[in-house]
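A quick write-up on the structure given underneath.
The values are calculated or read from the model by the stated rules, or taken from the named source; none is laboratory data. Computed from a prediction, not measured in an experiment: that's the story for all the values here. Glycine also receives a Cβ, built like all others from the backbone with ideal geometry; neighbour counts cover every protein chain displayed. Quick note on the areas: whole protein, heavy atoms, side chains included, nothing else; ligands and nucleic acids left out. Shrake-Rupley method; radii C 1.70, N 1.55, O 1.52, S 1.80 Å.
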Amino acid sequence: MKLRLLLLGAVLAATNALAEPRGFTVEDMVAMERIGNPVLAPDASRVVYTVRATDLDKNRGHTELWMLDLRAPHAQPQRLTHSDANSSDPEWSPSGDAVFFLSGRSGSSQVWRLPLAGGEAGMVTDLPLDVGSFRLSPSGERIALSMDVFRDCPDLACTRKRIDEKSKTQSAGRVYDKLFVRHWDTWADGRNTVLFSGALDAGGHLLGAPVSLSGSLDGDVPSKPFGDRDDYQFSPDGKNVVFSLKVAGHSEAWSTNFDIFEVPADGGQKPRNLTEENHATDAKPAFSPDGRTLSFLAMMKPGFEADRLRLVLMDVASGKTRTVADNWDRSIAEYAWAPDGKSVYAGADDVGQHRLFSIDVGSGKVSPLTGAGWVTGFDVRRDTVVVARNDLASGVQLFKLNGGSTPMTQLTHQNAAALADVRFGEYEQFSFPGANGDTVYGYVVKPWNAKAGAKYPIAFLVHGGPQGSFGNEWGYRWNPQFYAGAGYAVVMVDFHGSTGYGQAFTDSISGDWGGKPLEDLKKGLAAAVGKYPWLDREHACALGASYGGYMMNWIEGNWSDGFRCIVNHDGVFDNRAMYYSTEELWFNEWENGGTYYKAPENHEKFNPANFVTNWKTPMLVVQGEQDFRIPTTQGLSAFTALQRQGIESKLLIFPDENHWVLKPANSVLWHHTVLDWLDQHLKQ
């Protein structure tokens, strides 16, 4: 039997080696295993990370924990967890003998502990509510964790009882007296995410009921909808906890004012506001290894969510603050202290990449540690740094930095066997003089089977945000290799407003949504066609989502002869209706210079709805019904404008998706519908 298996393996390997190369497909993308952020052991000997696989039968992703021994040069990854429920958010015990993680294997999301010497995972918490996030104290004697509770409830059982009682009532109505009524994809139910703390026994089990740390404040820790454990942190001695919380109260829907608070780890006192003077965002607090300095990221402009995030250091004893590397014109997305406390590792968008940098906290000197590609996460222990990195031709893999220099050692090769016969399209960054003569960057991707002298139809992808980037990054929603795999050339332009090119460049889109960005897109496409003879300008379609979807509607009325077809996913159609129906009002108010009722002319200046009589390009409209950022009526309005004028159009609606298409089967349908639309207008 063993011999038969060996022979079968050899035959399969030979067949795979001889297989004809092919292009990348959506089925490949959906089936790919996705690596999460690395978490190093205290002694840096091992790294734990998550791997998300696709469960096609259940139409969802499934996540498990894996570990790699860094001491053995050719060690193979070891799977740590095996459960029908997800296992996520790993954290090492301080001694390195166990891994704590979140899992719903008990029927609700709780913290579990897996001893690495052997044995099954055991429950750390057994609470009546789901645990959303957690963090261990440096000594492992306490745990901080977050749960959604009714703040007027005296204990967790009260919240559980209210939830159960509500599920049994026949009435479905809800009453609100303030915004948010709904946020991202969820209707408000009266609960806040509150940070708690509890003591752990020697075996890592929670002792008694946890105490509230942030429940006396009106806000969420972590913040909704995308906050995580980076929103709070223990002090090195474990005596205090710092956290970031929005202090807006009734103005939550139009404020970006987050402050850093400090509270004793065992509760009993009202949290103390450490950054009350700054009315913009203060986020991601962390202590230096010696506990003498508190660091955090801060914005300067209240109401602007895409302002530059600067690194601020606060002397714990005096409360005095200073900004580090203030002349470095990049916005920090994530960071961590180096073990010696002399520098900080920071990730930031940088000219079409997302790189890891080292910032000397004394001099402010900034040094790049990684080159091309997109660093999605990292961890540092002792003298070891492990990063999660992807690029336009590879999903995330783990790498080990070699002495803090650009050459890195690849640790994982996820999906190598499954994609062995896939040939990815070659890609290249280019630049051109855009609006105001500024240098603007973009990327082109060749079809996987490109031949010299041939021309190829163009998929012109426009990113959302608008303060975002289509750079050297792998994606699972807008992936250029999908189009390259179908025989298309791809062009992407990081227009004015994109991140990674300096804050002034990012700021320049506010109040000018249809101005400089459209000029950049026109000039960028022309520049790409002029430089790359394999681009067929006469056969091009434009595609975009969110702000990119807005731009599709704007192109319909203001560049109506530019493309043979358009794909508009969750795009803004009418600025007036958008303002009165979206949830995060601060965004629309900043981008348009005020509320609609006080400055309607600003909102109307670049309103796609005002130019529908110019529309003529065939458009595919895609909309998620659970998208509360760009409400469903925006997509329906665009489709109505197209249909009423007799313009060729289709509408694809997902009742169970939000701003993003996340379910595997829906993703497959989305990509095939989009590809059919492009083929119809560019290849037939």
>> Suppose R0 equals 25 Å. What FRET efficiency, 1/(1 + (r/R0)^6) with r the Cβ-Cβ distance, do Thr409 and Phe430 give to the nearest 0.05?
In response: 0.25
> If you take the beta carbon distance between Ser510 and Asp228 as r and set R0 to 45 Å, what does 1/(1 + (r/R0)^6) give as a FRET efficiency, to the nearest 0.05?
Replying inline: 0.95
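Sort Tyr49, Tyr176 by accessible area with a 1.4 Å probe, largest first. Don't jump to the answer; show the numbers that get you there.
On the way: Tyr49 0, Tyr176 75 Å².
Largest accessible area first, the list is Tyr176, Tyr49.
Convex hull over the alpha-carbon atoms of the stretch 374-503: what's its volume per residue in Å³? Mind dumping the intermediate values first?
Numbers: hull volume 19.2 nm³, N = 130.
About 148 Å³ per residue, rounded to a whole number.
If you build the Cα gyration tensor of the stretch 284-352 and take the root of 5 times each eigenvalue, what three semi-axes come out, in whole angstrom, biggest first? Write out the running numbers ahead of the final one.
Values: eigenvalues 90, 47, 17 Å².
Rounded to whole Å, the semi-axes are 21, 15, 9.
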>> Suppose a student asked you for the relative contact order of the stretch 280-430, using Cα pairs under 8 Å spaced at least 6 residues apart; what percent would you report?
In response: 11
> So how exposed is Arg576, as accessible area in Å² (1.4 Å probe, rounded to 10)?
Replying inline: 130
>> So for the chain, averaging the separation of alpha carbon pairs under 8 Å that are six or more residues apart and normalising by length, what relative contact order in percent results?
In response: 10
> What ranking of Ser431, Ser133 comes out by heavy-atom accessible area, probe 1.4 Å, highest first?
Replying inline: Ser431, Ser133
> Any idea of Asp189's accessible area? Nearest 10 Å², probe 1.4 Å.
Replying inline: 80
> How large is ³J(HN,Hα) for each residue in the stretch 652-665, as worked out from phi by the Karplus curve 6.51 cos²θ - 1.76 cosθ + 1.60 (θ = phi - 60°), to whole Hz, x for Gly and Pro?
Replying inline: 10, 10, 10, x, 10, 10, 9, 5, 10, 9, 10, 6, x, 5
>> Give the aspartates and glutamates reachable from Lys178 as a straight Cα distance under 16 Å; neighbours fewer than 8 places away on the same chain don't count.
In response: Asp189, Asp218, Asp220, Glu252, Glu583, Glu584
> What does the stretch 67-177 give for Rg and for Dmax, in Å, if only its C-alpha atoms count?
Replying inline: 18.3, 62
> How would Thr293, Thr370, Thr169 rank on accessible area, largest to smallest, probe 1.4 Å?
Replying inline: Thr169, Thr293, Thr370
>> Given a Förster distance of 35 Å, report the FRET efficiency between Leu651 and Lys531 from their Cβ-Cβ distance, rounded to the nearest 0.05.
In response: 0.45
> Taking only the alpha-carbon positions of the stretch 405-446 and ignoring solvent, what does the Debye formula give for the base-10 log of I(q)/I(0) at q = 0.25, 0.31, 0.33 Å⁻¹?
Replying inline: -0.91, -0.97, -1.00
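Per DSSP H run of n ≥ 4, the term is -39500 (n - 2.57); total these for the chain, divide by its residue number, and report the mean residue ellipticity at 222 nm rounded to 500 deg cm²/dmol. Before the final figure, lay out each step's value.
Numbers: 12 runs with 127 residues, N = 684.
Here the helix-only value at 222 nm equals -5500 deg cm²/dmol.
Relative contact order (percent) for the stretch 433-587, with alpha-carbon contacts under 8 angstrom and 6 or more residues of separation?
On the way: 274 pairs, mean separation 40.7, N = 155.
Dividing the mean separation by the residue count of the stretch 433-587 yields 26 percent.
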>> Could you tell me how far the Cα centroid of the stretch 389-458 sits from the Cα centroid of the stretch 59-93, in Å?
In response: 27
> What figure in square angstrom, to the nearest 10, would you give for the accessible area of Ile555 with a 1.4 Å probe?
Replying inline: 0
> Taking every eigenvalue of the Cα gyration tensor of the stretch 568-684, multiplying by 5 and rooting it, what semi-axes result, largest first, whole Å?
Replying inline: 27, 19, 10
> For the stretch 456-584, which whole-number percentage of the solvent-accessible area (1.4 Å probe, protein heavy atoms only) is attributable to carbon and sulfur atoms?
Replying inline: 50
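Given the convex hull over the Cα atoms of the chain, what projected area results after averaging over all orientations, in nm²?
Computing the convex hull of the Cα atoms and averaging its projections yields 32.3 nm².
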> Cα centroid distance between the stretch 148-217 and the stretch 642-684, in Å?
Replying inline: 38
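Report, in cubic angstrom per residue, the convex hull volume of the C-alpha atoms of the stretch 119-194.
Values: hull volume 12.4 nm³, N = 76.
So the per-residue hull volume is 163 Å³.
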